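Student: Got a structure for you, questions after.
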C-alpha cells in the first residue's frame, strides 16, 4: 500500500492521548459520583422557615438586627436583612443527619411564635425544636478506649 497516505504517527498518538484523557475524566467523574463538594445539605427549607420566624420575632425580644450591615434604619429593614442573610446561610442546611418532618418544623415554628424570648434566642432548647441539636459524633471503639485511658490518667 505504497500509494495510500498513512496517518502520521504523531497525529495518531495525539488522538490516543486525547481519548485516554477523555476516558480518565469520565472514570474520575463516575468515581466521585459527580459531586465535588460532598453531600447535599439537609433541612434547607426547614432552616429558612425557622430563621424567618426568629428574624420576625427578634426585635420584640430586644435582639439587635443591625448586623449584617444593610441599608435603611427602620425595623422593617432590619428584619428583611436578617431574612436575606439566613436565606443564604440556610443553603448550607442544618447540622442534622436527616430531613425533619414538616410537622416537626411547624411545631418548632409555632413554639418560637408562642414561646418567650429564650425560644427565639435558642430554639433548640425547646422540646419542639430539639431536632435542631446536632447528633453527637460517633467515636470509633479504639478512640473511645484511649479517651477513657486518658481520663483515668488525668484523675490520678
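Read-outs: derived from the displayed coordinates by stated rules, not from any lab. Just so it is clear, the structure is predicted and the values come from calculations on it, not from any experiment. Positions of Cβ are backbone-derived with ideal geometry, glycine not excepted, and every protein chain shown enters the neighbour counts.
Student: Once the convex hull of the alpha carbons of the range 44-132 is built, what does its volume come to per residue, in cubic angstrom?
Tutor: Per-residue hull volume (Cα only) is 84 Å³.
Student: As an exercise, use a Förster radius of 35 Å and the Cβ-Cβ distance of residue 138 and residue 77 to find the FRET efficiency, rounded to the nearest 0.05.
Tutor: 0.20
Student: Rounded to the nearest 0.05, what FRET efficiency do residue 106 and residue 61 give with R0 = 30 Å and r taken as the Cβ-Cβ distance? Could you check?
Tutor: 0.90
Student: Right, next: I need 67, 54 ordered by Cβ neighbour count within 10 Å, fewest first.
Tutor: 67, 54
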